[in-house]
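Quick notes on the structure that follows.
Only the coordinates and a few stated rules stand behind these numbers; no lab work does. No experiment lies behind these values; they were computed from the predicted model shown. Using ideal geometry, Cβ is built from the backbone for each residue, glycine included, and neighbour counts are taken over all protein chains shown.
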Amino acid sequence: MAHDEPRKRSDRRSDDDGRTRTVTRPLRLALLGCGSVGSQVVRLLHEQADDLTARVGAPIELVGVAVRRPELHRDLGGYQVPAELLTTDAAALVARGDLDLVVEVIGGIEPARALILSALENGASVVTANKALLAEDGSTLFAAAEKAGRDLYFEASVAGAIPILRPLRESLAGDRVRRVMGIVNGTTNFILDKMDSSGTGFAEALEEAQELGYAEADPTADVEGYDAAAKAAILASLAFHTRVTASDVYREGIAEVSASDVASAREMGAVVKLLAICELGEGRDGPAVAARVHPAMIPRTHPLASVREAYNAVFVESEAAGQLMFYGPGAGGAPTASAVLGDVVTVARNRLADVRGAGESAYAALDVLPMGQTVTRYHVAIDVDDRTGVLAAVAQTFAEHGVSIRTVRQEGHGDDAQLVVVSHRATDEALSATVAALRTKDFVRDISSVMRVEGEES
């Protein structure tokens, strides 16, 4: 459908007394998906219709809801969805040509990508919560939105209700962001928090998370870090004006985090968190982007250390604004729907004014650093023979790889002992090589734990 000319937004009608008034037609919205998030979007559109009309400047009319099984979605929180709005033909819905907005909350790569591209091509602006698609092929979506002259907004794709993407995209557009570090997966934060507070192991904490509904029956995407890696790619892309995909993000999950790791962190005044870290580093040819997701120890004095249970938080460091913290519920139907509706209001206002919001900003086109060149610190627990000269030999091994030791603590006595070493900052490549070399030493019985350490180094 051609949409070079804006659709007629209003007409003038005469009242009974002969006076004329301007009537703004409703903005037509279609919803793709009606699960935990989509159903809450429908509820909020219905319950807050008058407020949304006042905020936008025109009514928002829900004209279609694409679902797999219509019979399951007719009663949403007491609101009866008219049967004629429900359809199983999502492709036909987005291609109808009279839509102003399409909200996509079905997730996954396909058919979501094809549906979003069709919606843009047929003249609708799009609001999506699809982190996986944005992290894999966001450039295609942004290019389609640019070509169509339409908006693509996606606040709900990272950290649920927390407003973090728009501050990066707009509020901090005049600043230079140096680092973004966050807890962006509620499932893993609940598990690690439970391990820290109760001393349970990973398996027990995961089972409790599943019983309480914080973890899926198949928790792989969460506990292996895939979910957080997709979000890290989006955060890095916005913060550093560079295209970063999920495949660019180094990823480790939390399945190997043990109760002893958590206890060791506690002894050194730290806590273990799964962190998404995006930062500017120095590549071989100048500034570069580093993006990684992995468990790490952070000091209990760090603002992120106090983030409990299934909550999310993102810590931003920029040159002019300094340190900023964004905190709140990172998942759930209603919180995520709140972020979706915030984008809907913004996009609807843009449609009325016939303007576009901010598009993709990838002008910097920085290289992405491999993990080996990223600078971090290590916590290493080494089971060794308890004999003279072992500590000196361990220190020598670190020195041979250009890594200095910040602290060392010895535990145990008798035939064997454990050395707990925390390094100063070095490249991950050097740190990893140090650990590999230690494994070959005859006085080392086992490397029982290796974990990165983040936060301020005193």
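For the reader, a short list of remarks on this structure follows.
- Antiparallel %, DSSP beta bridges [both residues in the chain], to 5: 70
- Between Ala54 and Arg176, the modelled label-to-label distance comes to 4.4 nm, taking each label 7 Å out from Cα in the direction of the beta carbon.
- Phi to ³J(HN,Hα) by Karplus 6.51 cos²θ - 1.76 cosθ + 1.60 over segment 151-168, Hz, x for Gly, Pro: 8, 10, 10, 7, 3, 6, 6, 9, 6, x, 7, 6, x, 10, 6, 5, x, 5
- DSSP-defined antiparallel bridges as percent of all bridges, segment 344-458, nearest 5: 100
- Summarising the amide proton neighbourhood of Gly283: residues at separation of 5 or more, or on other chains, whose placed amide H is nearer than 5 Å comprise Ala288.
- Phi angles of segment 391-403 translate, via the Karplus equation with coefficients 6.51, -1.76, 1.60 and θ = phi - 60°, into HN-Hα couplings of 4, 5, 5, 5, 4, 5, 5, 4, 5, 4, 9, x, 10 Hz per residue; Gly and Pro are given as x.
- Net charge, Ala305 excluded, C-beta distance under 10 Å - Lys, Arg +1, Asp, Glu -1: +2
- Value at 222 nm in deg cm²/dmol, rounded to 500, when DSSP H runs of n ≥ 4 in the chain each add -39,500 (n - 2.57): -10000 deg cm²/dmol
- Once the Cα-Cα distance is subtracted from the 0.36 nm per residue extended length, the Glu61 to Ala395 segment shows a gain of 113.4 nm.
- 3J(HN,Hα) couplings calculated from phi for segment 266-277 with the Karplus curve 6.51 cos²θ - 1.76 cosθ + 1.60 (θ = phi - 60°) are, in sequence order, 4, 5, 9, x, 10, 9, 8, 9, 7, 10, 9, 10 Hz; Gly and Pro show x.
- Dipole size of the chain about its Cα centre, with +1 on Lys/Arg Cβ and -1 on Asp/Glu Cβ: approximately 1380 debye, rounded to the nearest 20.
- In terms of packing, defined here as the mean over residues of other Cβ atoms within 10 angstrom, the peptides 134-140, 160-166 line up highest first as 160-166, 134-140.
- Chain lengthening between His46 and Glu256 when straightened (0.36 nm per residue, less Cα-Cα): 71.1 nm
- Just so you know, the Cα atoms of the chain work out to an Rg and Dmax of 25.7, 103 Å.
- With a Cα cut-off of under 24 Å and a minimum spacing of 8 residues unless on different chains, the lysine pairs in the chain number 7.
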